[in-house]
Each structure stands twice: as C-alpha cells, then as structure tokens.
1. So how many residues does segment 273-307 have that are farther than 16 Å from residue 215 by Cα and part of a loop (DSSP other than H, G, I, E, B)?
2. Restricting attention to segment 153-168, report how many residues are closer than 26 Å to residue 115 by Cβ, in contact (Cβ under 8 Å) with a residue 40 or more places away in the chain and not in a loop (DSSP other than H, G, I, E, B).
3. Just to be sure before I move on: is residue 172 out of contact with any helix residue (DSSP H, G or I) (no Cβ under 7 Å at 6 or more places or on another chain), in contact (Cβ under 8 Å) with a residue 40 or more places away in the chain, outside any strand (DSSP E or B) and closer than 17 Å to residue 249 by Cβ in the structure I sent?
4. Restricting to segment 145-156, count the residues that are surrounded by 17 or more Cβ atoms within 10 Å (Cβ to Cβ) and over 12 Å from the mean Cα position of the chain (by Cα).
5. Just need a number here: residues in segment 267-299 that are loosely packed, with under 15 Cβ neighbours inside 10 Å, under 31 Å from the mean Cα position of the chain (by Cα), at pLDDT 95 or above and more than 20 Å from residue 84 (Cα to Cα).
6. Can you tell which of 187, 270 is free of Cβ contacts under 8 Å to residues at least 40 places away in the same chain and in a strand (DSSP E or B)?
7. So, residue 247, is that one assigned to a strand (DSSP E or B), within 19 Å of residue 295 (Cβ to Cβ), touching a residue at least 12 places away in the same chain (Cβ under 8 Å) and outside the structural domain of residue 139 (by TED's automatic domain parsing) or not?
C-alpha cells in the first residue's frame, strides 16, 4: 500500500512539474532565439564596441559576443598575379552579416563565420575573397594555408561546395544586371586550369594554358598571347591580333592592338559590331537590360543593344 501511495505521489508531482519544466525550457530557448535576452548597450551600433562584437541587421541586434582581438575583415584579391578578367570596382564593405543567422568577423588573423543560433564559430579561414560586389548567389571564395575553395552560404550554415584544395580560384567579371555571376569558376591546380561548375564538378578536360575568361561557348586562354577555343578544342580568329579578349554570356569581345573592339556571338561567323575605343588601363563587360556594356577604367563607355 505504501508503494502504491508513493507511485501516485510521483505521478501527481510529474503532472504538476513536468509541463512547467518543458514550458520553461521552451521559453528559455525561444527568448534566446528571438534575441530578447541580448542587451543592446552599444549606442552607435558599432561592429566593435568595448571589447565585444555586435551583429546588426537593419539596426536590429542579432547577436553579440566578447572578443578582444576582433576587427572588421577585408577582402583580399590575388587575381592580379594572373590574367583573369576580374572585377576591380566593388564598393561594398566587407560582409559582416551573411544572413539573419550568420555573421562574419576577423578574429586575430583568421576570418570566422559565427552562428547566431549556436552562439559559436562554425569555421575560420585565412582569407575571404568576394570582390566587394553583390553576387547572384551568396558564396564566399576562401583560403586556408596555400589552398582555395568555395563556400555556399545557407540561411543557418555554410556548405563547402568546392573543396579547399586549389592553388587559385576566381570569378571573372561577368556582371549581369548588377550582380556578379557565380555559375562557374576559374581554378588552377598543379599547373592545370579548370572551368568548374558551382558544385565543384567540371564538364571539360583540364586546360594546359592559363584560363582567363569563358562564356557559354568559348574558353579564353593565355600563353603569352590570347586564344579563343570552343569546348571541342577548336581555335577561332587566329589571324586577328589580340591585345585582350573578354567574354560574357554568349558574347566575345576582342580588343586589337589598335584598340578596335570586335564583338562576336559566333566566332565562326562575321563580326557583329566593331568600334574604336580610347586607351585604357582596365576594361570589363556588363549586361544590363539587354544591353552589352563596355566599361573603360570603371566608367561606361559604350552600350550595345543585344537580343
């Protein structure tokens, strides 16, 4: 009888206190997730304040943590050691907010990606390269030690889509309606060059010459001079002198030594348009609202209507 009374007492106590415990635990984590327990004592909403890091999105404090060695990171671009047609005119600041669940900060000598949910660092890298421009998908080119790879930023985590084992990875300056295209990457490994898909796979054999640009139909290679190849290894426009070659979507623009810009869609057919351009230090292409735009030293020089 005594055991029966004890059992009934335990059941009653569980019925009273277990729901309260569950509710209390739920409220604790819900409040933490909602950020209601975070005290915003940063009057100017600075990224770093009084030895703490504050992550704000639209003036809402998402997370903060102690860090005496933290500072805002910078993007580091190594593309100038090659002939890649990369974008040089990005004006965006380093992305400290990757999503409403992820932030990025420099901790000591490392760039760390911080989870607001876990209240902890997910991963750290030596270098992050993002060209300081909006991308069409949220990706980060990262380096650890001597090797590069690519991360896909998800709402709550990161995925290493291209392994960190390449000597060099870059995105050429394919700006479509104001965003840098991230469908394919230029990569180098062991003196071979690759045109990688965004998941790290490739549809083509490695190139033995430097891959400097590409589009849907052609690869632009450099071995002391420029060459245009289709993906069946057929070379085009061999008799034209080439000071530079740029590619974007379905278009190829050849710059001759006399600063004549020749625009092609099919390099086996006649030139679509040709125009003289002045001397420049840098040239890149953009496509905006069905116009092929030629930029000289960061300034729009010519806009060509395309279909």
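1. The qualifying residues number 11.
2. Result for segment 153-168: 2.
3. Working: out of contact with any helix residue (DSSP H, G or I) (no Cβ under 7 Å at 6 or more places or on another chain): yes; in contact (Cβ under 8 Å) with a residue 40 or more places away in the chain: yes; outside any strand (DSSP E or B): yes; closer than 17 Å to residue 249 by Cβ: yes.
Yes.
4. 1
5. 2
6. 187
7. Values: assigned to a strand (DSSP E or B): yes; within 19 Å of residue 295 (Cβ to Cβ): yes; touching a residue at least 12 places away in the same chain (Cβ under 8 Å): yes; outside the structural domain of residue 139 (by TED's automatic domain parsing): yes.
Considered against the rule, which asks whether it is assigned to a strand (DSSP E or B), within 19 Å of residue 295 (Cβ to Cβ), touching a residue at least 12 places away in the same chain (Cβ under 8 Å) and outside the structural domain of residue 139 (by TED's automatic domain parsing), residue 247 comes out as yes.
Condition check ((1) surrounded by fewer than 18 Cβ atoms within 10 Å (Cβ to Cβ); (2) within 21 Å of residue 191 (Cα to Cα)) across all residues:
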{"residue": "211", "(1), (2)": "no, yes"}
{"residue": "216", "(1), (2)": "yes, no"}
{"residue": "223", "(1), (2)": "yes, yes"}
{"residue": "226", "(1), (2)": "no, yes"}
{"residue": "241", "(1), (2)": "yes, no"}
{"residue": "244", "(1), (2)": "no, no"}
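The values are calculated or read from the model by the stated rules, or taken from the named source; none is laboratory data. Values in this document were obtained by computation on a predicted structure and should not be read as measured data. All Cβ positions, even for glycine, are placed from backbone atoms using ideal geometry, and neighbour counts span all protein chains on display.
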